[in-house]
Amino acid sequence: MAGENTANYEEQGGDNWAIGGTITILSGGRIVPASGTGAAAITVMTDSTGGTANDTLAAITAGASYAQADMTAVKNALATLAAKVNALIAANQGVGITG
């Protein structure tokens, strides 16, 4: 159609697609390499640290002995890492990169 601008199109020759818009992966859809085999499933981590996840890994300044506050900081750091890794796994699964 005259005057229409297509954001996503197959380039001449058919070897490449140009994406100027958004790709939406519908429920059940997957992204797979040319081999047809997707990445292996990655299971989520179980967080048994007892810490509280947040967006900051706090400095741990323990010296020769560890105070309860130091151990809490370690547990919170581990909980934060577990939460972030689990979020990445969920995001990959959500777009079909992993099972």
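The values are calculated or read from the model by the stated rules, or taken from the named source; none is laboratory data. Not measured: the values here are computed from a predicted model. So basically every Cβ, Gly included, is an ideal-geometry build from the backbone, and we count neighbours across all protein chains shown. Note: areas computed on protein heavy atoms with side chains; ligands, DNA, RNA excluded. Shrake-Rupley method; radii C 1.70, N 1.55, O 1.52, S 1.80 Å.
How about region 50-98: which of its residues are under 21 Å from the mean Cα position of the chain (by Cα) and among the hydroxyl-bearing types (S, T, Y)? Scanning region 50-98 gives T52, T56, T80, T98. Counting the residues of region 51-99 that are among the hydroxyl-bearing types (S, T, Y) and touching a strand residue (DSSP E or B) at 6+ places or on another chain (Cβ under 8 Å) gives 1. Inspect all residues belonging to region 66-80 and state whether any of them is assigned to a loop (DSSP other than H, G, I, E, B) and either at pLDDT 85 or above or open to solvent by 70 Å² or more (accessible area, probe 1.4 Å) (or both). So far as region 66-80 goes, yes, one or more of its residues are assigned to a loop (DSSP other than H, G, I, E, B) and either at pLDDT 85 or above or open to solvent by 70 Å² or more (accessible area, probe 1.4 Å) (or both). Put simply, of G51, G36 the only residue that is modelled with pLDDT under 75, over 14 Å from V85 (Cα atoms) and open to solvent by less than 70 Å² (accessible area, probe 1.4 Å) is G36.
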